[in-house]
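The values are calculated or read from the model by the stated rules, or taken from the named source; none is laboratory data. What you see is a predicted model, and the numbers here were worked out from it, not measured in a lab. All Cβ positions, glycine included, derive from the backbone under ideal geometry; neighbour counts span all protein chains shown. These area figures cover heavy atoms from the full protein model, side chains too; ligands, DNA and RNA do not enter into them. Shrake-Rupley method; radii C 1.70, N 1.55, O 1.52, S 1.80 Å.
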Amino acid sequence: QVQLVESGGGLVQAGGSLRLSCAASTRTFSRYFMAWFRQAPGKEREFVAAINWSTGGTTYYANSVKGRFTISRDNAKNTLYLQMSSLKPADTAVYYCAIVQTVVAPTLADVASWGQGTQVTVSS
């Protein structure tokens with residue numbers, strides 16, 4: 001079982017930036033499709049962004065974050081990233097990294113493994 005550990009969350013003002021990281025405990029990290037999801041209070045967990053196997057690989061984004069968030073990975077470091085810019089209060093949520101079976105708008109059913117999540121709070 002691959003362990004995924006997120007970090008980098010915190011409190012930021014609207015318009016600010018944060019970078020989330022997700023460290024994977026596997027030497028076969030490069031074999032996995034990876035994604036970020038988020039869950040706001042009282043709402044369902046939703047897809048944010050996904051990336052295929054390669055460092056610099058093909059990426060996919062939810063419309064709500066397109067142009068503001070960037071997903072990337074460093075296979076040499078077994079780490080996934082999410083660079084978040086122009087943050088809005090609506091981005092406030094717990095952010096989860098995940099191993100997924102598809103990178104094209106994966107659903108919760110496509111998730112093979114979850115991290116424990118990291119809280120992002122955007123103040124207005």
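Beta carbons closer than 9 Å, at least 6 apart along the sequence or on distinct chains, pair a first residue in segment 19-33 that is more than 14 Å from ALA112 (Cα to Cα) with a second that is charged (D, E, K, R) and assigned to a loop (DSSP other than H, G, I, E, B) for ALA23/LYS77. The residue that is nearest to LEU80 (Cα to Cα), among those in segment 19-32 that are open to solvent by 40 Å² or more (accessible area, probe 1.4 Å) and under 12 Å from the mean Cα position of the chain (by Cα), is ALA23. Scanning segment 1-18 for residues being surrounded by 14 or more Cβ atoms within 10 Å (Cβ to Cβ) and over 12 Å from LYS88 (Cα atoms) gives a total of 6.
Pairs are defined by a Cβ separation below 6 Å, a sequence spacing of at least 6 or placement on different chains, a first member in segment 110-124 that is under 11 Å from GLY16 (Cβ atoms), and a second member that is open to solvent by less than 50 Å² (accessible area, probe 1.4 Å) and of a type in the set (Asp, Glu); the pairs so defined are VAL122/ASP91. Would you confirm, using the coordinates I've provided, whether ALA76 is without any contact (Cβ under 8 Å) to a residue 40 or more places away in the chain and either more than 21 Å from LEU18 (Cα to Cα) or surrounded by fewer than 19 Cβ atoms within 10 Å (Cβ to Cβ) (or both)? Answer is yes for this residue. Evaluating ALA105 against the criteria (1) touching a strand residue (DSSP E or B) at 6+ places or on another chain (Cβ under 7 Å); (2) farther than 20 Å from GLN1 by Cα; (3) at pLDDT 95 or above; (4) open to solvent by 10 Å² or more (accessible area, probe 1.4 Å) leaves one unmet condition, (3). Residues considered: ARG38, ARG45, ARG68. Of these, the only one that is open to solvent by 40 Å² or more (accessible area, probe 1.4 Å) and either on the phi < 0 side of the Ramachandran plot or over 11 Å from the mean Cα position of the chain (by Cα) (or both) is ARG45.
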